[in-house]
Structures are given as C-alpha cells and as structure tokens.
Amino acid sequence: MNKLFILFLVLLISLNFCFAQNNLGPRLTAMGNNSAAVKDIWSLNGNISGISYLESPTVAINYTKYLIDNELSNQSIAFVLPLKNNYLGVSFNRYGIAAYNEIKAGFALAKRFGKKLSIAIKGNYHQLKISNYGSTTGFSVDVGAMYDLNEQITLGVSLNNPSFQKYSSREIETKIPSTIQVGASYKASDKILIATTISKDFNAAIDVGLGIDYKLLDLISLRGGLTAKPFKHYAGFGLNYKKFVMDMAVESDSHLGYTPQLALTYAF
C-alpha cells in the first residue's frame, strides 16, 4: 500500500480517535473500552483510580497491531506499586509508523480513603513526531475517582486533560485530547461483571458503551462490548494462571477492519 496514503490514514486515525493516548489494554478494550468504573492495571490509561485494587507490585506489557499496514502498531507498558493505601503507577505508550509516531509517558498516584473511595492523579508527557515537519511536546494532567456503593456496584468518573493543554509547537497544529468519562459497573455474581460508560471528547459526540466480563472458569474469562459513536463491537478472552495473566482482544471498526491486541501481566 502507498506509504503516503498510509501516513495520511495514520494521521487521520490519530487526530480523530487518539489511539495512542488511550490504550486501555485488551481486557478493558474487549469490554468496549468501558473503563470508568472497572478496576484494572490498564486503568492507568483510563480512570487511574482503578489501580487501587492491586495488592502486589504488577507489571503488564501490551502490543496492538493495526492490520491496515504491516508497520502500524501500538506498544505499551504499565507498572503499579502498592504502598499500603497509596499506589504509584508508571505507564508508557508508543503508536505509529516510522514517518509518524506519538509517545505518551505518565506517572500516577492513587490513594484509598477507607474501603469505598479512591482518588488518583496522573501527570503525562506527550511527544509527537512527523517526518519533514519535526516534533513537538506537551504536558497534561488526568484525574479520576471511584466509589464502591456496595459490594456489587462501583461508580467512577475521570477527566483527561481538563485544563486543555496543547502541544508546544505552532508548526504542528494538533491538540492533546480532553475527555470526560462517567460510568458504573455491576458485579452480578462472582463470575459476571457488567460495565457501562458515558464518555465525551470535547471535540466529538457523546459516546455510550456497554461491556461484560464473564468468568467461565477460574482459568478462563470471556469478554464482549459495544460502543455507539462510532459504532464498534469488541470481543476477547483472558487466561489466568496463578500470578500470570494473558489477555487478548479484537476491536472491529467499519473503516479499519479488525484490530487485535495482546497483553501479558505478572503480579509479583
């Protein structure tokens, strides 16, 4: 496929959907990116207060492959260190091709207040490089909170870049995404978790999603999800063996086709 066309397509994807900024890992992706009230290590890239459920140091790596081009991919790493009621998190994401790539690195601090409430904040460093145009950098802050209403229901809200920070260069006119997510999750049983999220990118329409995580066996979990705008459907599964977890997901888009991703997680 023509490289100029691929570069144009990558630019269009990034500017409109901000994939590099919001890599939520295959578990949350398979649940339709419904991350506002779901606790996961990849909450580092969603509602960061979701990392406060972790009981031991945990590291995860993720690889996403966009099938429209052999070179286009997304690589991510996440690490969380629990310290009693405080949680430190570090994340790194890279998306793109040789001619265009985005990098986002962040440091998060989450804190639990009692058994029900957790609040978190994260600082992010952004870098954007485009061949023949140069590079630019920027900084942003994310905040999030989760509240366990009871043993079954969790409520969550998060804000990404609420101060509308921009990249520093005037030559590359693109914005750091600013979004708000509000959602809830319902633990119907020890095997079933249902989650929903209402999200709003301040430059796009309101999106509504629904996702489910079904623990078929202690070893295997099955997942699925939907989002409305744009309409997409998602599916995936997880394999859990002691401290090791492997998650896979596939995102289906009418324009981009299928996008698979794989993550490996280890709790020390």
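The values are calculated or read from the model by the stated rules, or taken from the named source; none is laboratory data. These figures come from a predicted structure and were not determined experimentally. Heads up, the Cβs are rebuilt from the backbone with ideal geometry, glycines too, and the neighbour counts pull from every protein chain shown.
Note on the range 195-219: residues that are part of a strand (DSSP E or B) and of a type outside the set (Phe, Trp, Tyr) total 16. The residue list LEU210, LEU256, LEU264 contains one member that is within 17 Å of the chain's Cα centre (by Cα), crowded, with 16+ Cβ neighbours inside 10 Å and of a type in the set (A, V, I, L, M), which is LEU210. The condition of being over 28 Å from ALA105 (Cα atoms), touching a Ser or Thr at 6+ places or on another chain (Cβ under 7 Å) and not polar (S, T, N, Q) holds for only one of LYS215, LYS200, LYS242, LYS232, that being LYS215. Within the range 163-189, how many residues are more than 15 Å from ASN203 (Cβ to Cβ), outside any strand (DSSP E or B) and either among the polar types (S, T, N, Q) or at pLDDT 90 or above (or both)? Number satisfying all stated conditions: 5. Of all the numbered requirements in (1) among the hydrophobic types (A, V, I, L, M, F, W, C); (2) touching an Asp or Glu at 6+ places or on another chain (Cβ under 9 Å); (3) modelled with pLDDT of 95 or more, LEU128 misses one, and that requirement is (3). Restricted to the range 59-79, and to residues there that are in a strand (DSSP E or B) and aromatic (Phe, Trp, Tyr), the residue that is surrounded by the fewest Cβ atoms within 10 Å (Cβ to Cβ) is TYR63. Being under 14 Å from LYS122 (Cβ atoms) and not in a strand (DSSP E or B) is a property that GLY50 has. A single member of LEU222, LEU159, LEU226 is surrounded by 15 or more Cβ atoms within 10 Å (Cβ to Cβ), in a strand (DSSP E or B), of a type outside the set (Val, Ile, Thr) and touching a residue at least 40 places away in the same chain (Cβ under 8 Å), and it is LEU226.
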